[in-house]
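**Q** The structure follows.
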Amino acid sequence: MKHKMKPESLMMSHGYKPELSEGAIKSPIFQTSTFVFKSAEEGKAFFEIAYGLREKHKGEKTGLIYSRINNPDLEILENRLCLWDEAEEAAAFESGMSAITTVLLEFLKPGDLLLSSIPLYGGSDHFINKILPKWGINVASFTVDQTKEDIIKQVEATGLADKLAMVYIETPANPTNDLYDIKGCKEIANLFSTPEKEILLAVDNTYMGPLWQHPLKHGADLVLYSATKYIGGHSDVIAGACLGSFKLMKRVKGLRTFLGNMAGPWTGWLLLRSLETLKVRMDTQAFNAERVANFLNHHNKVEKVYFLGNLKEEDGEQYQIKQRQCLSNGGMISFDVKGGEKEAFKFLNSLKLIKLAVSLGSTESLAEHPATMTHADVEFAHKQKLSITEKMIRLSIGVENYNDIISDIDQALEKI
Ligand SMILES: *Cc1c(COP(=O)(O)O)cnc(C)c1O
C-alpha cells in the first residue's frame, strides 16, 4: 500500500512546482493583478471554465486569469488547507468575517430561517442578528443546555420550519468552551431537509482548527476559519477560509469573485509560511495549556476554570461530545477569579509576559476580559446565562516556555 503522508509533512511542498518558478524552493509572491494568456484560444478556454460555461475536458486545469478570480499563492494555500480537514475544496478570504458573511449571503435568501448557536463570535453575532434581519432573514438561536428535542420544538414554534435553510454553530463556544454536538446539529438539519432542499450545517472551527477538530467528518457541510488565529498564528495577518465539497465551494467561490473579498497574494504567501509550523505551534500550545490549566485548577484565587481538559466522565454529554469530536483539549482557557471586575482588571494590568489583547491562537500568550471586551455587545441576560461575568478572564496560550507563562500568571494573581 502506498504510504500516505501526514499534512504536516506536506505543508512545505504540496501544490507547488519549483520548476515553474525558476527552481525557487519557496513559492514567490505572485504580486500581480492579471496573467498573460499564451493565445486568444487559451484565454477563451480559461473564461469558459471560470464562468462555468462548459465542463472541464479531461485533465484540463483552471487557468490563471486575474487575481480576483485566482492567484498561485491562493491556489497553493487552498490546496494545503484541504489536507488538514480532508476537504475537497477551500477558498481563502481577506478575513474570517468575509468568509463567514459570504457563506451566509450565498446560502440564505429573504424569508429564510437561520438557526444558530449562542454565544457566537461578536462579529458573526452582529451580522446574523443585526444585519441579516434587514435583508428579511429570520434567526432562531439555541444554547448548550437545550436538548435536540427542545431545539426541534423551538424551530417548529417559529412557524418557519419549512424556511429553515442553514444551521450555524461555533464549537467550542467562546469563551466558555461549551461544546455543541456537530453530528447532532446535522441530524436536526436533516430532519427539516426535503429531497428538494438540503439544510446545510456550517461550523466556525476557529477555536480548534484545523488540527484539533474536523467538522466535515462529523457531518458539517462547510467549515469556516478566521485564519487570523491559529492558521496565521503570529498576530500579523487578517485572513479567513471556508472549506467543503466541490459542489458547495463552487457557489462560495462564485460569490467571492463578485464580492471581491478574496485574500491577496501577500496574505496568501504569509499563510503558506505559517502553515509550515502549524502543527509544532499548536502541539506546543496544547501542551502548555494543559500545564497552565492544571496550575489554575489548584490556585486559591481562582474560582472556576473553563478548559476542555477538565471535563470528566461524570460531566456526561459534554464529555462524550469531546471524546467524539475533539482531538485535543486545545489552547484556550477561561477562568473566574474570586471577586469581580476590580480583581480581574488588577490581574490583567499586572501581567508582564502575557499581552493584554483580544484575538487568539498566536505564538504569544494573550489575556482579555470577555465581559467588557470581546463579548461587550452580548445582552446582559445572555452574559449571565452563559457565565460571561465580570470575574472571567480568557487566556490564549502561546508557545513560550510554560513555566514562564505560569510564573507570570502566578505573580499577577498575587497582586489581587
Ligand atoms: C476572530 C474570529 C472571527 C473573525 O475573524 P477575522 O479574521 O477577525 O475577520 C470569527 N470567528 C471566530 C471564532 C473568531 O475567533
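The values are calculated or read from the model by the stated rules, or taken from the named source; none is laboratory data. Quick caveat, the model's predicted, so the values are computed rather than measured. Ideal geometry is used to build each Cβ from the backbone, glycine not excepted, and the neighbour counts take in all protein chains shown. For accessibility, only protein heavy atoms count, side chains too; no ligands or nucleic acids. Shrake-Rupley method; radii C 1.70, N 1.55, O 1.52, S 1.80 Å.
**Q** For residue 246 and residue 341, compute 0.36 nm times the residue count separating them, minus their Cα-Cα distance, and round to one decimal in nm. Write out the running numbers ahead of the final one.
**A** Details: separation 95, 0.36 × 95 = 34.20 nm, distance 4.80 nm.
Taking residue 246 through residue 341 to full extension adds about 29.4 nm, to one decimal.
**Q** Calculate, for the stretch 278-414, the solvent-accessible area per residue in square angstrom, rolling a 1.4 angstrom probe over the heavy atoms of the protein chains. Walk me through the numbers on the way to the answer.
**A** Values: 6190 Å² over 137 residues.
On a per-residue basis, 45 Å².
**Q** Multiply the residue gap between residue 38 and residue 190 by 0.36 nm, knock off their C-alpha separation, and tell me the result in nm, one decimal place. Write down the numbers at each step before the final one.
**A** Working: separation 152, 0.36 × 152 = 54.72 nm, distance 4.77 nm.
Here the segment from residue 38 to residue 190 would lengthen by 49.9 nm.
**Q** Based solely on its DSSP helices, what 222 nm [θ] is calculated for the chain when runs of n ≥ 4 H residues each add -39,500 (n - 2.57) and the sum is averaged over all residues, nearest 500 deg cm²/dmol?
**A** Working: 14 runs with 151 residues, N = 416.
After summing the helix terms and dividing by residue count, I get -11000 deg cm²/dmol.
**Q** Let me ask something else. For the chain, set up a Gaussian network in which alpha carbons nearer than 10 Å are linked by springs, and say which option among 221, 181, 150 fluctuates the most.
**A** 150
**Q** With a 1.4 Å probe and every protein chain left in place, work out the accessible area per residue of the stretch 135-181 in Å², rounded to a whole number.
**A** I get 39 Å² per residue for the stretch 135-181.
**Q** Along the charge dipole of the chain, which of 77, 16, 263 sits closest to the positive end, that is, farthest toward it, with unit charges on the beta carbon of Lys, Arg, Asp and Glu (+1, +1, -1, -1)?
**A** 16
**Q** Another question, if that's okay. Which value in Å does the Kirkwood hydrodynamic radius of the stretch 377-416 take, with 1/r averaged over all unlike C-alpha pairs and then inverted? Intermediate results must be reported in sequence, preceding the final value.
**A** Numbers: mean 1/r = 0.0804 Å⁻¹.
Over the stretch 377-416, the inverse of the mean reciprocal pair distance is 12.4 Å.
**Q** Rounding to the nearest 20 debye, state how big the charge dipole of the chain is about its Cα centre with +1 on each Lys and Arg Cβ and -1 on each Asp and Glu Cβ. Intermediate values should be presented prior to the final figure.
**A** On the way: 48 positive and 54 negative charges, 132 e Å.
Charge dipole of the chain: 640 debye, to the nearest 20.
**Q** For 38, 342, 279, give the ranking by accessible area with the largest first, probe 1.4 Å. Provide the component values of the computation, followed by the final result.
**A** Working: 38 180, 342 160, 279 65 Å².
Reading off the accessible areas and sorting them downward yields 38, 342, 279.
**Q** Right, another one. So for the chain: antiparallel DSSP bridges make up what percent, rounded to the nearest 5?
**A** On the way: 24 of 43 bridges.
Among the beta bridges of the chain, antiparallel pairing accounts for roughly 55 percent.
**Q** On to the next question. Show me the ranking of peptides 306-312, 85-91 by mean Cβ neighbours inside 10 Å, starting with the highest. Show your work: numbers first, answer last.
**A** Values: 306-312: 18.7, 85-91: 20.7.
In decreasing order of mean packing, 306-312, 85-91 become 85-91, 306-312.
**Q** Per the Kirkwood treatment, what hydrodynamic radius in Å, one decimal, follows for the stretch 135-222 from the mean inverse distance over all distinct Cα pairs?
**A** Working: mean 1/r = 0.0733 Å⁻¹.
This gives a value of 13.6 Å.
**Q** From Cα coordinates alone, what are the radius of gyration and Dmax values for the stretch 1-82 in angstrom?
**A** 14.9, 44
**Q** A further question on this structure: Please express the shape of the stretch 278-414 as an equivalent ellipsoid: the semi-axes are the square roots of 5 times the eigenvalues of the C-alpha gyration tensor, given largest first in whole angstrom.
**A** On the way: eigenvalues 91, 80, 42 Å².
Equivalent ellipsoid of the stretch 278-414: 21, 20, 14 Å, largest first.
**Q** For the chain, which whole percent of the accessible surface, found with a 1.4 angstrom probe, sits on carbon and sulfur atoms?
**A** 55 percent
**Q** In what order, largest first, do 97, 249 sit by accessible area if the probe radius is 1.4 Å? Can you show the working numbers first?
**A** Numbers: 97 55, 249 0 Å².
Putting 97, 249 in descending order of accessible area: 97, 249.
**Q** Then there's this: Mind pulling up the Rg/Rh value for the chain? Radius of gyration and Kirkwood radius, both on Cα.
**A** Working: Rg = 22.2 Å, Rh = 22.6 Å.
We get a ratio of 0.99 for the chain.
**Q** Something else about it: Would you check the accessible area of residue 36, probe 1.4 Å, heavy atoms only, in square angstrom rounded to 10?
**A** The value for residue 36 is about 140 Å².
**Q** Next up: Quick one: which of 234-240, 316-322 comes out on top by average Cβ neighbours within 10 Å, and what's the full order, highest first?
**A** For the peptides 234-240, 316-322, the packing ranking is 234-240, 316-322.
**Q** Given N residues in the stretch 200-311, what is its alpha carbon radius of gyration divided by 2.2 N^0.38 Å? Kindly include the intermediate steps, with their values, before the conclusion.
**A** Details: Rg = 17.1 Å, N = 112, 2.2 N^0.38 = 13.2 Å.
That ratio works out to 1.30.
**Q** Along the charge dipole of the chain, which of 409, 319, 102 sits closest to the positive end, that is, farthest toward it, with unit charges on the beta carbon of Lys, Arg, Asp and Glu (+1, +1, -1, -1)?
**A** Toward the positive end, the furthest listed residue is 102.
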